[in-house]
1. Filtering segment 136-171 down to residues that are out of contact with any strand residue (DSSP E or B) (no Cβ under 7 Å at 6 or more places or on another chain) and more than 16 Å from residue 106 (Cα to Cα), which residue is surrounded by the most Cβ atoms within 10 Å (Cβ to Cβ)?
2. Is there a residue in segment 71-82 that is in contact with a strand residue (DSSP E or B) (Cβ under 7 Å, 6 or more places away or on another chain), within 19 Å of residue 300 (Cβ to Cβ) and not in a strand (DSSP E or B)?
3. Looking only at segment 121-142, count how many residues are closer than 21 Å to residue 81 by Cβ and touching a residue at least 60 places away in the same chain (Cβ under 8 Å).
4. State which residue is nearest to residue 460 (Cα to Cα) when the search covers only segment 392-417 and only residues that are surrounded by 14 or more Cβ atoms within 10 Å (Cβ to Cβ) and either in contact (Cβ under 8 Å) with a residue 40 or more places away in the chain or touching a strand residue (DSSP E or B) at 6+ places or on another chain (Cβ under 9 Å) (or both).
5. Could you tell me whether segment 377-386 includes any residue that is under 21 Å from residue 361 (Cβ atoms), in contact with a strand residue (DSSP E or B) (Cβ under 7 Å, 6 or more places away or on another chain) and at pLDDT below 90?
6. Among what's in segment 250-276 and is over 32 Å from the mean Cα position of the chain (by Cα) and more than 19 Å from residue 290 (Cα to Cα), pick the residue that is modelled with the highest pLDDT.
């Protein structure tokens with residue numbers, strides 16, 4: 001009988017420490033832990049509670065505690081004493097509480113609470129987005145002093161203050177609070193939230209490699225009309241986060257699973273999860289379960305719900321971006337790509353034609369030009385060269401008698417004047433050190449009729465027609 005009695009007491013003890021189970025949910029009454037308390041994960045990533053001068057650890061269904069040296073109430077200049085006024089963040093090996101509204105940063109560990117910052121309460125960044133990037137704690141946006149802000153701030157470990165992060169010129173989104181956001185690799189992606197102008201439907205990313213904001217698209221109407229503000233967030237993995245939210249229209253509570261890499265979402269109302277849920281405390285992920293606090297019948301409970309069972313409710317994700325925006329986005333980038341290719345083509349042609357032109361001796365108005373050589377021509381010399389260029393650089397001497405500049409002269413005078421002009425021009429060309437290497441002009445006998453004289457222009461002489469004409473003629477030939 002004594003043995004049976006011991007078994008009975010053992011059974012009662014196990015029931016007391018193990019709580020009770022409802023379906024997939026396990027609940028543990030917090031009789032010995034008095035409010036107000038801070039509900040966080042301890043150094044081993046197990047649920048824990050700070051209450052007065054005790055730190056309670058929950059492990060394997062049991063609560064153990066030890067005394068702490070640094071109680072929360074002993075921190076100087078901290079007016080807010082409730083967890084609802086703080087956000088939990090993890091930075092490297094530090095577990096932090098950051099004041100909503102920004103300013104105060106508190107580290108908690110096995111010894112209790114230690115204030116790290118030297119700043120004052122900013123009180124203009126309520127419901128901002130906290131995230132970490134490259135060993136720095138960031139805050140984006142927030143509400144304060146009757147306005148929504150677009151500040152991107154980071155906590156500076158050196159001066160222990162919050163400093164503005166440098167953002168390059170370009171697209172700059174309107175300030176907001178209550179946005180959904182997550183940092184992935186070198187980007188902070190966020191959407192929604194409330195602004196001075198109303199509720200936002202923009203999906204935006206901040207690229208830390210370029211230090212610029214980019215608008216990705218607009219949120220689908222089905223999602224944007226339902227959700228106004230996430231109350232709690234718990235990170236599931238690198239790209240996914242689970243958000244507890246309250247519907248704007250009917251005030252129903254539900255969970256949203258958002259994939260910030262694939263830009264999808266799914267939601268579930270899960271009535272058994274939200275029954276008696278106390279949203280003054282966060283939802284924490286430890287091991288394979290999500291932990292949260294419920295309150296009913298003047299009692300407070302720690303609840304554990306398997307993460308895998310929760311995720312089963314989000315089997316059909318939907319795209320966040322409006323498909324029309326995706327088409328517009330793709331079209332925009334397609335046009336930019338086409339324009340860029342055309343611009344590169346034009347630049348390539350200009351460079352190529354420039355090289356060709358630089359290697360040519362050019363006839364421009366009344367002078368011949370090549371690099372540093374410049375040969376001034378009279379009217380007759382100019383007309384002779386133009387006529388030769390129009391006739392494949394070869395013509396009979398008598399053909400030049402028809403030039404308009406010679407209309408006033410007799411035939412015999414024209415003959416002497418043209419021969420003299422051509423011979424003089426030939427000598428001028430030979431005297432130019434650079435032009436003479438490219439252009440030659442000579443008078444010779446017609447091989448078919450020795451009595452006739454032929455004028456031949458040899459070399460690389462071209463009439464200058466302007467860059468635009470060279471460019472158009474090149475494309476025409478291509």
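The values are calculated or read from the model by the stated rules, or taken from the named source; none is laboratory data. Note that the structure is a prediction, hence the values are computed from the model and not measured. No Cβ is skipped: glycine too gets one built from the backbone with ideal geometry, and neighbour counts run over all protein chains shown.
1. Of segment 136-171, the ones out of contact with any strand residue (DSSP E or B) (no Cβ under 7 Å at 6 or more places or on another chain) are 145-147, 157-161, 166, 169.
This time we only want the ones that are more than 16 Å from residue 106 (Cα to Cα), so: 145-147, 166, 169.
Values: 145: 8, 146: 7, 147: 12, 166: 7, 169: 7.
If we take residues in segment 136-171 being out of contact with any strand residue (DSSP E or B) (no Cβ under 7 Å at 6 or more places or on another chain) and more than 16 Å from residue 106 (Cα to Cα), then 147 is surrounded by the most Cβ atoms within 10 Å (Cβ to Cβ).
2. The answer is yes, given that some residue of segment 71-82 is in contact with a strand residue (DSSP E or B) (Cβ under 7 Å, 6 or more places away or on another chain), within 19 Å of residue 300 (Cβ to Cβ) and not in a strand (DSSP E or B).
3. Total meeting the criteria: 1.
4. Once the filter is applied, the top-ranked residue is 393.
5. No: zero hits.
6. 252
Condition check ((1) at pLDDT 90 or above; (2) out of contact with any strand residue (DSSP E or B) (no Cβ under 7 Å at 6 or more places or on another chain); (3) within 20 Å of residue 233 (Cα to Cα)) across all residues:
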position: 6; (1), (2), (3): no, yes, no
position: 18; (1), (2), (3): no, yes, no
position: 30; (1), (2), (3): yes, no, no
position: 41; (1), (2), (3): yes, no, yes
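Let's see how each residue does on (1) assigned to a strand (DSSP E or B); (2) in contact with a helix residue (DSSP H, G or I) (Cβ under 8 Å, 6 or more places away or on another chain); (3) farther than 28 Å from residue 116 by Cβ; (4) modelled with pLDDT of 90 or more:
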position: 141; (1), (2), (3), (4): yes, no, no, yes
position: 149; (1), (2), (3), (4): yes, no, no, yes
position: 153; (1), (2), (3), (4): yes, no, no, yes
position: 168; (1), (2), (3), (4): no, no, yes, yes
position: 175; (1), (2), (3), (4): no, no, no, yes
